[in-house]
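What follows is calculated from the coordinates using simple rules that are stated; it is not laboratory data. Here the structure is a predicted model, which is why all the values come from computation and not from measurement. Neighbour counts run over all protein chains shown; Cβ positions are idealised from the backbone, glycine included.
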Amino acid sequence: MRGKKAPKRKIAPDPKFGSVTIAKFINYLMRRGKKSTAQNVLYRTFDAIKSAGADPLMVFDTAMKNVGPALEIRPRRIGGANYQIPFPVNPDRRNTLAFRWIIDAARARKGKPMHKKLMEELQEAAKGEGAAMKKKMDMQRMAEANRAFAHFARYG
């Protein structure tokens, strides 16, 4: 690796809930620099969850815990062959993947406003269902299937 590692920036907590995790989720949700639009989408999602009779912060946290993977696979070239090697996931990357999968799954739904699609995806993820959970389970299954190559992770 050349040069220095980029310094980690401090992110300001979101104005409504004071949570850094929610602020980061808003940043992932944002498109074309429109942060206020992304905030409105998430806050409307939380309002819809609250009107459905659930605590939005609990639903959000449960969804993030459920969707975040424990293992991921990375390709590694050893002796002319490429192996898919399972690695444990760093907590920051676990959040990043959970955010990305939930937002992508919500955007893939059609025919509703974004705040409703995101609400449905978060509620399903909190129950252990939905497209984001399917993505996580697929990754876990791949890592489990390639567990035989885990000994390659220790070398290099």
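Brief remarks on what is shown
- Crossing angle, helix 130-145 versus the chain [Cα axis fit, 0-90 degrees, rounded to tens]: 10
- 5 Å-binned pair-distance histogram of the chain (Cα, whole percent): 2, 9, 16, 18, 17, 13, 11, 8, 5, 2, 1, 0
- Candidates Ile49, Ile78, Ile103: whichever shows maximal mean-square fluctuation once the chain is modelled as a Gaussian network with Cα springs under 10 Å: Ile78
- Here the dipole of the stretch 53-154 is about 400 debye; that uses its Cα centre as origin and unit charges on the Cβ of Lys and Arg (positive) and Asp and Glu (negative).
- For the stretch 83-156, the Cα gyration tensor yields ellipsoid semi-axes of 31, 12, 9 Å (square root of five times each eigenvalue, largest first, whole Å).
- Net length gained if the chain between Arg147 and Ser19 were fully extended (0.36 nm per residue, minus Cα distance): 42.4 nm
- Highest-first arrangement of 24-32, 105-113, where packing means the average Cβ count within 10 Å: 24-32, 105-113
- Report note on the peptides 89-98, 123-132: ranked by the mean count of other C-beta atoms within 10 Å, highest first, their order is 123-132, 89-98.
- Listed residue (Ala6, Ala70, Val89) projecting farthest to the positive dipole end of the chain, Cβ model: Ala6
- Unsatisfied cross-links (Cα-Cα over 32 Å) in the set Lys50/Lys110; Lys8/Lys112; Lys8/Lys110; Lys8/Lys50; Lys34/Lys127: Lys8/Lys112; Lys8/Lys110; Lys8/Lys50
- Environment charge at Val89 (Cβ cut-off 12 Å; Lys +1, Arg +1, Asp -1, Glu -1): +2
- Here the simple spin-label model places points 7 Å from the Cα toward Cβ, and for Asp138 and Arg109 these points are separated by 1.9 nm.
- Proximal charge balance of Gln39 [Cβ under 10 Å; K/R count +1, D/E count -1]: +3
- With θ taken as phi - 60° and the Karplus curve 6.51 cos²θ - 1.76 cosθ + 1.60 applied, the whole-hertz 3J(HN,Hα) list for the stretch 93-104 is 5, 4, 5, 4, 5, 4, 4, 4, 5, 5, 5, 5 Hz, x standing for glycine and proline.
- Per residue, the chain reaches -18000 deg cm²/dmol at 222 nm when only DSSP H runs of four or more residues are counted, each adding -39500 (n - 2.57).
- For the chain, the longest principal axis of the Cα atoms and the long axis of helix 56-67 meet at an angle of about 20 degrees.
- The length gained by stretching the chain between Phe87 and Lys127 to full extension, at 0.36 nm per residue less their Cα-Cα distance, is 11.8 nm.
- Once the chain from Arg44 to Lys8 is taken as fully extended at 0.36 nm per residue, the excess over their C-alpha distance is 10.0 nm.
- Annotation: aspartates and glutamates with alpha-carbon distance below 15 angstrom to Lys136 (same-chain offsets under eight excluded): Glu72, Asp104, Glu121, Glu124, Glu144.
- Degrees, to the nearest 10: 20-29 long Cα axis against longest axis of the chain: 90
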